[in-house]
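The values are calculated or read from the model by the stated rules, or taken from the named source; none is laboratory data. The shown structure was predicted, so the numbers you read here are calculated from the model rather than taken from an experiment. Heads up, the Cβs are rebuilt from the backbone with ideal geometry, glycines too, and the neighbour counts pull from every protein chain shown. Keep in mind that these areas ignore ligands, DNA and RNA; they rest on the heavy atoms of the full protein, side chains included. Shrake-Rupley method; radii C 1.70, N 1.55, O 1.52, S 1.80 Å.
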Amino acid sequence: MKSYCMEYYFGTLNDGKGKDWSCVLHDLQLFFGVNEFLVSLSLIKKKFLVIAPQSASGVVLDGPEASKLLSAVAIALSNCSSLWPAFVPVHDPSRKAYIGIQNMGTLFTRRFEADRIGSQVPVKLMHLEGLYELFVSKFAFSNEDLSTHLFEVSFKMKLTYCTLPYDEDDDDDVQEPEAGSTESGGSPKSNHHNKSQWDDDCPWSEWYSSEDPVRGFELIAVWSEKAFESSLDMAELENASPLEADDWLIFPCLSETLNTRSLFFFSKSTWYQNIAAFLGTEDSDGKRIGFASQLRLLVDALEMSMEAKFIEDFVSEHSGPETLKSSAVIPPPTVLDRVLKDLFHEVEGLQLGFSDGDHKNSRTIKGAPLESLFGQFCLHALWFGDCNIRAIAVFWIEFVREVRWCWEESQPVPRMPSNCVIDLSTCLINQKLHMLSICINKKRQQEQESPKCGEQKKFPSHVKEETQVKRCLSPRDGKTQTSSGERESLSRPDVVKDSVGHISNSGHSDTVKLGDAKHSACIRRGSAGVVGSMMLLKSQQNMHAPFTQEPPVMTEDMHEERLQAVEALGDSFSFSAQLEKDILSSDMSAFKAANPDAVFEDFIRWHSPRDWENNDNMDSGASHDNAIKGLTVEWPPRGKLSERMSEFGNSWRKIWNEAPPLPASEQKPLLDPNREGEKVLHYLETLRPCQLLEQMVCTAFRAAADTLNRTTFGGLKQLTTKIGQLNLTMAATLRCLQTSNLSIDTEDIQDLKRLCAIFEHVEKLITLAASFYIKFMNAPRLLESIFNDCYNFYAPRMGTGSTASEVKKDFEKKQKVGRREREIAASMLTTPTANQSWRKVLSMGNLLNGHEPTLREIIFTKHGHLSENYYGGHAPRGYQHELETYRMYISGTSNYLSVALAVASCD
């Protein structure tokens, strides 16, 4: 009248003896050892039946019914000559109780029984001595004191220790706010923690605090099979240190998500789900705060920025898209002031540009360096409010106001160099801020250069008084070329150059009156020294190198304007002469002032030696040697202008004729700091929202990646490769934002969102590696092994969209702990505090640093001949095979005890 379900379990491996502690074993295999046994020297592996009623409980509640059902199944299996064991679940489902039977041919039968105590366990059964006596009582023939009898028993034991959660708070501790969020909605960088966090030394900690992905570890100490003869041996083993175990294993328990609190102990069935969810196989939108989540919001802001022409359109609550009005949040002014103060404070000793911590592949991303002003602005913007377009607009407007204040008050722009050549590989905003910093520095120098009465005159800031660099302008190819001999230092006026650019003493000052009466009484001004043995062609005076102006710095858009002029003019010669006219004219004026009797050919010989052709190079070389030795020099030197310099209507000669003799100190600066500074501010104030967000996205990705790249994780090779691949992927994906004429389409936005998902996966791996490194920095082999196990199993599933149910359940990789590494692993079990100790009942032995095992599993076995069995008849004549006559599996703690017994008999 009842329906039953029969389940057949079988193994697929027949590779020898199985492992008692393998997590892939079914409970019944672990309880009764039915994973393998010997019958007539033949091996049978992992095959058994479970017969259960098709009811809500799934167990047989009536005892006689269970015995009758099991008997019927045993007869049926015997008739089929089957040696499979059969089990029936009985009693309450929570007890996991079974009865079973196995017909093992014509010789003997094995019976099984398992039950569990779910309430307070008797004190005697909490200790190994009592458990040993419980096992011996099953086959002892006497009711006397079992402790005085000697029974040889095989013994195996597995002790599992769980570390305390790394973020477990004592009851009297002050609770911290959620990671990555602040009450005011501002940047977490300014939010000071009241207590230390696990990632305080990690580079991302100034922006957000990440929950430790490693919730704890399970340490497993295993004693392999040993023989004991008395309960006294058991008592001695209970007092032994777990460090003396034969094997130690360890595996991590990972957090389900990074912003929710979960139990530190995970069962075998749920641990895979937790680690799979953490490592990206489940959707984690809105569940984790990190760079990836904020970058995703920034991409949403970029998508929305395409709808407006002015950044101010997003500030007013009465303007902008309807969807923005209800969702956008702007932090209060106090938060904005605090963020701006942190952003614009001057950092001493700051190394700008590329640092050692930046990944080499990140340099291909057209953003701003991590420590630059715009790089820090983008990172702050990720956390300002909820990174919506309205909050970004308010932040940018106030940012530009602060930059203008620096300009108007001639204060240095923080986090930006005030000299150097502008790096054109960075984004345009960073270039403009660099240009503004240079202009402010020149303004300050001009204000300080006005000499007071009685003070010595100084060189203006636009004059190169220490490093004299001559530009060799070639009309033939329209490019600026500088030979190595033309970049030598002329830092002192009394230092001169020879014909190849080397310097010698001359004694000239900035203003010198020519002493030769035959020549006009001209005043030589702006001389940096004599150029070796070179003399002017007509007057035979020593040729003097002038101080020249610094070449003007240019941003990328200024270079593009010049390229457009090339297309407009067409002729490369005319283009070069036109665009470099100011620089060339300045050099000619300075040369004329330093050499009043010079002619055009003299300037060419100094400025562009390759445009002066010697008639006889050998003779010229000899003349040069004679000049060095003090001998008579052949005069005039035999040579002429090159063809391009001597052709009719040459632009250089025209500029020479028009250039007035003025030293560099009296010339108009080639770079007008006031004009260029105002142009920079105009660019920043009129920047379109989409152009701002494009550069912000590139810079934010680059800065976030460079921040994570500074994480110390022990140089794990797989993670290092993953970070390099991430930077290459970012460079390829962000290339669509680095073009001048940008029109972002839906596909580009989707690519950016997919990039955020990839970034999130790598960010999780870096967080996981950093946590492992903090715990195993003194055990590098163990660190690499544990991380590689997690990486190899879960990295291929990242981004595949698979759910936890789709993740295969056969991950059982535990790392073996070497004897030298046991102390390091055991140190993670810190001594419990007074507030933690009351929660634990220290009633079991084998304590490790004051912690009792969270689970103790023991297997007692007794081997013998069947004739020793008290159940019945003797074994057939000639059968002398020894087998496992008794087996008891014990699992439990001080709160529960599960016992399973298997007995072989001849009845």
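Laid out as a table, the results:
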| read-out | value |
| --- | --- |
| Qualifying helices (runs of 4 or more DSSP H) (wholly inside segment 665-738; at least 2 residues being over 30 Å from LYS581 (Cβ atoms) and among the charged types (D, E, K, R)) | 689-709, 717-733 |
| Subset of segment 721-736 [in contact (Cβ under 8 Å) with a residue 24 or more places away in the chain and of a type in the set (Lys, Arg)] | LYS722 |
| Test: residue in segment 854-865 that is within 30 Å of GLU152 (Cα to Cα), modelled with pLDDT of 85 or more, open to solvent by less than 70 Å² (accessible area, probe 1.4 Å) and part of a loop (DSSP other than H, G, I, E, B) | yes |
| Top-ranked residue of segment 1-45 - restricted to ones that are at pLDDT below 80, charged (D, E, K, R) and over 45 Å from the mean Cα position of the chain (by Cα), ranked as least open to solvent (accessible area, probe 1.4 Å) | LYS45 |
| Top-ranked residue of segment 116-133 - restricted to ones that are in a loop (DSSP other than H, G, I, E, B) and of a type outside the set (Gly, Ala, Ser), ranked as least open to solvent (accessible area, probe 1.4 Å) | VAL121 |
| Any pair with Cβ under 8 angstrom, 6 or more apart, that starts in segment 550-573 at a residue that is closer than 24 Å to TYR683 by Cα and ends at one that is of a type in the set (S, T, N, Q) and modelled with pLDDT of 75 or more | THR555/GLN431; GLU556/GLN431 |
| Residue within segment 50-61 that is loosely packed, with under 13 Cβ neighbours inside 10 Å and in a helix (DSSP H, G or I) present | no |
| Complete set of residues in segment 379-406 that are part of a helix (DSSP H, G or I), at pLDDT below 95 and of a type in the set (Phe, Trp, Tyr) | TRP383 |
| Selection count, segment 692-708, where residues are surrounded by fewer than 22 Cβ atoms within 10 Å (Cβ to Cβ) and touching an Asp or Glu at 6+ places or on another chain (Cβ under 8 Å) | 0 |
| Condition check for LEU671: within 30 Å of ALA545 (Cα to Cα), at pLDDT below 95, of a type outside the set (Ser, Thr, Tyr) and buried (at least 18 other Cβ atoms within 10 Å of the Cβ) | yes |
| Residues located in segment 195-244, provided they are under 30 Å from SER255 (Cβ atoms), of a type in the set (Gly, Ala, Ser) and in contact with a helix residue (DSSP H, G or I) (Cβ under 8 Å, 6 or more places away or on another chain) | SER209, SER210, ALA221 |
| Flag for GLU409 being surrounded by fewer than 22 Cβ atoms within 10 Å (Cβ to Cβ) and modelled with pLDDT of 95 or more | no |
| Residue count, segment 647-664 (criterion: exposed (fewer than 15 other Cβ atoms within 10 Å of the Cβ) and either assigned to a helix (DSSP H, G or I) or in contact (Cβ under 8 Å) with a residue 12 or more places away in the chain (or both)) | 4 |
| Residue list for segment 790-813, filter: of a type in the set (D, E, K, R), surrounded by fewer than 16 Cβ atoms within 10 Å (Cβ to Cβ) and either within 25 Å of the chain's Cα centre (by Cα) or at pLDDT 75 or above (or both) | LYS813 |
